[in-house]
Amino acid sequence: MKKYLILISAIITAVSAVSCNTKKNTADYVTDENFTVYIDTTYPQVAADNLDAENNIDKPGKLSYALNGSKVELLLDNVLVKVLQFYYTPSPDYFSVDDFNFDGYEDIFVPFESPPDYGTYFCYNPEKKDFEENKELNNIGRFMKITADGTLSEDRSDSTVQRFVEYQWSDGILKKVKRTESYKSAETGEIITNVYGYDPKGNEFLSG
């Protein structure tokens with residue numbers, strides 16, 4: 001028994017000496033038997049399922065619409081999502097599709113019968129997978145264009161004054177940020193432009 005104990009002790013001592021004196025690289029621990037490498041696009045089923053689920057989360061669809069009398073059918077990737085029923089037939093010339101609330105999903109502006117530049121905004125809710133009226137946009141109620149600098153611009157021009165009011169989203173609230181007016185001077189005939197800003201409380205001031 002003593003011989004075996006001495007032999008085991010000697011082996012442990014030798015292994016300890018090698019371990020202490022020999023520094024291994026990380027690559028020395030990487031061996032083929034520890035890993036499965038996938039070299040093409042065929043994933044194991046669990047990984048494929050997770051990948052599909054990840055790719056389908058909140059994936060924006062392409063919004064289109066069909067006007068069927070007084071009904072407006074809203075489709076995402078050509079799949080019917082919602083039918084809006086009106087008491088009138090909206091004019092197809094005044095519909096507009098864009099991401100009006102800047103959340104990454106396309107929304108739609110449906111015009112009133114008269115005047116058609118007023119209407120209702122329906123924004124897509126990805127959690128409910130449904131289109132809902134947007135209170136902030138509908139408080140304005142007029143068609144707005146998205147500008148290059150990321151604002152919503154409302155055209156309030158009349159026969160004598162070109163007037164545009166710009167809005168930006170702030171924590172889910174649509175706030176006025178600028179109003180621009182241009183008109184011809186009755187005295188000189190030159191074009192006069194005034195620019196107004198808004199303080200945090202919404203008070204208007206002349207800025208240029």
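What are the semi-axes of the equivalent ellipsoid for the range 151-208, taken as the square roots of 5 times the Cα gyration tensor eigenvalues, largest first, in whole Å?
Working: eigenvalues 132, 31, 9 Å².
After diagonalising the Cα gyration tensor, the semi-axes are 26, 12, 7 Å.
Listed here are the pairs Lys59/Lys145; Lys135/Lys176; Lys175/Lys201; which of them are more than 18 Å apart at the Cα?
Violating the 18 Å Cα-Cα cut-off are Lys59/Lys145.
Quick check on the range 66-141: take the gyration tensor over C-alpha atoms, sort the square-rooted eigenvalues as a ≥ b ≥ c, and tell me if it's rounded (a/c under 1.5), prolate or oblate.
Oblate.
When the gyration tensor of the range 79-208 is built from Cα positions, what are the square roots of 5 times its three eigenvalues, in whole Å, from largest to smallest? Show your work: numbers first, answer last.
Working: eigenvalues 196, 72, 23 Å².
One finds semi-axes of 31, 19, 11 Å for the range 79-208.
Could you list Leu74, Leu206, Leu84 so that the one with the fewest beta carbons within 10 Å of its beta carbon is first and the one with the most is last?
The order, fewest Cβ neighbours first, is Leu206, Leu84, Leu74.
Between Asp199 and Arg142, what is the spin-label point distance in nm, taking each point 7 Å from the Cα along the Cα→C-beta axis?
Label at Asp199, label at Arg142, 2.5 nm between them.
Can you work out ³J(HN,Hα) from phi for every residue in the range 193-208, in order, using Karplus 6.51 cos²θ - 1.76 cosθ + 1.60 and θ = phi - 60°, giving whole Hz and x for Gly and Pro?
Residue by residue, the range 193-208 yields 10, 10, 10, 10, x, 9, 7, x, 8, x, 6, 8, 9, 6, 10, x Hz.
Taking the Cα centre of the range 57-178 as origin, sum charge times position over the Cβ atoms of Lys and Arg (+1) and Asp and Glu (-1), and report the length of that vector in debye to the nearest 20.
Details: 14 positive and 22 negative charges, 31 e Å.
Charge dipole of the range 57-178: 140 debye, to the nearest 20.
In whole Hz, what ³J(HN,Hα) sequence does the range 162-178 give by Karplus (6.51, -1.76, 1.60; θ = phi - 60°), x for Gly and Pro?
So the Karplus estimates, Gly and Pro as x, are 8, 9, 10, 10, 10, 10, 9, 7, 9, 6, x, 10, 8, 10, 5, 10, 7 Hz.
Net charge around Phe143, counting only other residues with Cβ within less than 9 Å of its Cβ (Lys, Arg = +1; Asp, Glu = -1)?
That works out to -1.
Throughout, read-outs are computed from the coordinates displayed, never taken from laboratory work. The structure presented is a predicted model; accordingly, all values stated were derived computationally and were not measured. Glycine also receives a Cβ, built like all others from the backbone with ideal geometry; neighbour counts cover every protein chain displayed.
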